[in-house]
Amino acid sequence: MKRGVVIVACGLLVLAAAGCGSSSSSSSGGTTTEESSSGGGGGQKTIAGVNANDHGTKAVEDNGKTEVEMDDYYFKPTVIEGKPGEKVTLELKNEGQNEHSFTVDSQGIDKDVQPGDEAEVTVMIPKSGVVSFYCKFHKSEGMAGALAVSGAATGGSGGMDTGTTEDNGGGGKGYGY
């Protein structure tokens, strides 16, 4: 009888330990959305009016091409800055386990990229402010970003939310980090 109780207790202990370990948010199937609030990076921010998993800002490279990593569920960089009206070729690299898209509604761009594949799109930096882009499959999980005029991400005075604000859950409008 005591042996059965010990076996059951050990079994429960193993299950409890396994349950604690499952919070590591790793998923081999790529179907969980538990980590979507952080996207595995720098937290979630509001960028161009859209919630996005923040993986930094990068200026357009001098050669006119800029690499963009598409992963589960973020773009890196999340904000791409350039000169007003500048045309930029983005080299999209899907390093995730899922199909992703690079979609810019205002520019008629909607490019699907399979896992492990690469593609190129040409976008235009807006003449002022920001233009959002997103993955049509995972926008609700924070897979979004923005094309911005260099310096526009410091907070706007023209009434448009051009900055990046931390989503701290407090409902505040604080700019910066």
What lysines could a cross-link reach from residue 136, if we take a straight Cα to Cα line under 19 Å and drop same-chain neighbours fewer than 8 places away?
-> 45, 76, 93, 111
How big is D, in µm² s⁻¹, for segment 66-143 by Stokes-Einstein at 25 °C and 0.890 mPa s if Rh is the Kirkwood radius over C-alpha pairs?
-> 196 µm²/s
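Where a number appears in this text, it was derived from the coordinates with a stated rule and is not lab data. Since this is a predicted model, take the numbers as computed values, not measurements.
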